[in-house]
Amino acid sequence: HANFYGHDFKCWRFSKGGHGTIDLRHAIEQSCDVYFYTVANMVGVDKINKWATLLGLGVKSNIDLPNEVVGLVPSTEWKRLHTKEKKWYAGETISVGIGQGAVSVTPISMAVYMATLANGGTRVTPHLIKAVDEGKGWEPIPTPDPQSKIDIAPEALQAIHDGMWMAVNATGTGGAARIAGRDVSGKTGTAQVI
């Protein structure tokens, strides 16, 4: 457990002792809120926003469908421009660190985010339409080029891959996603109730 700004926090899975000392791999495997609260508190909301945006959250994916909705990963600038309160409070950052608070994401942005982590850091543009016929015959629609290559340390990517594999295949929170004969990785999450 940990104390932030006068409030005690503990992981939802353990009512007494918590996880104890834990690394990134096991924090992902066990969905350790306190680990992610601590990291969020250390790096700050603006760095969370920067990396989330690079990985495809809170921005358009540019999928070849109309009316794409954009999610939100807040920052101090966002709060200053879009809320009455204006000031970002450090206590808000820990909620953002576990994907809650003002965070909202779309299924397609989560798919881009996960694909970027899974493929080693190349952010791709989702592509569904193979060809279009506007009365003159089928015109092929080319596959979009990747949007960008994100510079993520290989050891960090490996830790994330390991943790997501362990979440499903070891003693993690995602065991229900196991598929016999398939190598499945994942990360559990819980929707925020307000």
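The values are calculated or read from the model by the stated rules, or taken from the named source; none is laboratory data. Only a predicted model underlies this, so the values are computations on that prediction, with no experimental measurement involved. Counting neighbours? That spans all protein chains shown, and the Cβs are built from the backbone with ideal geometry, glycine included. Keep in mind that these areas ignore ligands, DNA and RNA; they rest on the heavy atoms of the full protein, side chains included. Shrake-Rupley method; radii C 1.70, N 1.55, O 1.52, S 1.80 Å.
Remarks
- Only one of the numbered conditions (1) at negative phi; (2) open to solvent by less than 90 Å² (accessible area, probe 1.4 Å); (3) within 16 Å of the chain's Cα centre (by Cα); (4) at pLDDT below 95 is not met by residue 190, and that is (2).
- Unique match (being of a type in the set (Val, Ile, Thr), at negative phi, touching a helix residue (DSSP H, G or I) at 6+ places or on another chain (Cβ under 7 Å) and at pLDDT 95 or above) among 59, 43, 70: 59
- Given (1) at pLDDT below 95; (2) surrounded by 15 or more Cβ atoms within 10 Å (Cβ to Cβ), index of the condition residue 17 fails: (2)
- Here residue 152 fits the description: of a type in the set (A, V, I, L, M, F, W, C), in a loop (DSSP other than H, G, I, E, B) and within 18 Å of the chain's Cα centre (by Cα).
- Single residue of segment 50-99 satisfying the filter (assigned to a helix (DSSP H, G or I) and among the polar types (S, T, N, Q)) that is surrounded by the most Cβ atoms within 10 Å (Cβ to Cβ): 93
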